[in-house]
Amino acid sequence: MYKLSKLFTLAAAIFALLAVHSLSAQEAKSKTMPKVIYKVEPQYTAEAKAAKVAGTVALRAMVDEQGNAQDIQVAKSLDQGLDQKAIEALKQWRFVPGMVDGKISAVSVTIEVNFKLQ
C-alpha cells in the first residue's frame, strides 16, 4: 500500500509539472513582443572614446502600453558612462506596444545597445 501511495504522489507531481509547462507554452503563444519603430543611437563619452571602449550594454526595461521604455536597468555593463548613455538613448526609443492575450499590455524586454568606434 505504501508503494502505491508513493507512485500516486510521483504521478501527481509529474502531472503538475506537465500542467505548468503547458500553461507556460500557452502564455508564450499569446504574448507579442514590442517592436522598435524609432531608435536613437547612443552617444560616446569622451573618456570611453579616448580609451577606445567598444561593445554592448544589455538593458532590461518594461515597454508600457504607450510604447515607451520604463524602469530601465543595466543587465550587462560595459562602462559606467556608456551604460548611462545607453539608458538615455533607450528612453528616446519608441515601440509598437506588446500584447498579451490580444490586448495591448506592458511587456518586459531585454535590449542590447551597441557602441562601435568609427
For LYS52, are the conditions met, namely being modelled with pLDDT under 95 and over 19 Å from VAL109 (Cβ atoms)? yes
Being free of Cβ contacts under 8 Å to residues at least 24 places away in the same chain and at positive phi is the filter here; which residues of region 35-91 pass it? ASP71
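Please go through region 75-107 and give me each residue that is of a type in the set (A, V, I, L, M) and in contact with a helix residue (DSSP H, G or I) (Cβ under 7 Å, 6 or more places away or on another chain), ordered by number. Lay out the reasoning, then the answer.
First, the residues of region 75-107 that are of a type in the set (A, V, I, L, M): 75, 78, 82, 86-87, 89-90, 96, 99-100, 104, 106-107.
Listed by number, the list holds a single entry, LEU82.
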Determine which member of the set ILE87, ILE111, ILE72, ILE104 is in contact with a Pro (Cβ under 8 Å, 6 or more places away or on another chain) and of a type in the set (A, V, I, L, M). ILE104
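For (1) modelled with pLDDT of 90 or more; (2) assigned to a strand (DSSP E or B), each residue gets a yes or a no:
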{"site": "ALA11", "(1), (2)": "no, no"}
{"site": "PHE15", "(1), (2)": "no, no"}
{"site": "HIS21", "(1), (2)": "no, no"}
{"site": "VAL36", "(1), (2)": "yes, yes"}
{"site": "TYR44", "(1), (2)": "yes, no"}
Scanning region 50-80 residue by residue, the ones that are buried (at least 16 other Cβ atoms within 10 Å of the Cβ) and not β-branched (Val, Ile, Thr) total 11
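The values are calculated or read from the model by the stated rules, or taken from the named source; none is laboratory data. Worth saying up front: this structure is predicted, and the values here are computed from it rather than measured. For neighbour counting, all protein chains shown are included, and Cβ atoms are generated from backbone atoms with ideal geometry for every residue, glycine included.
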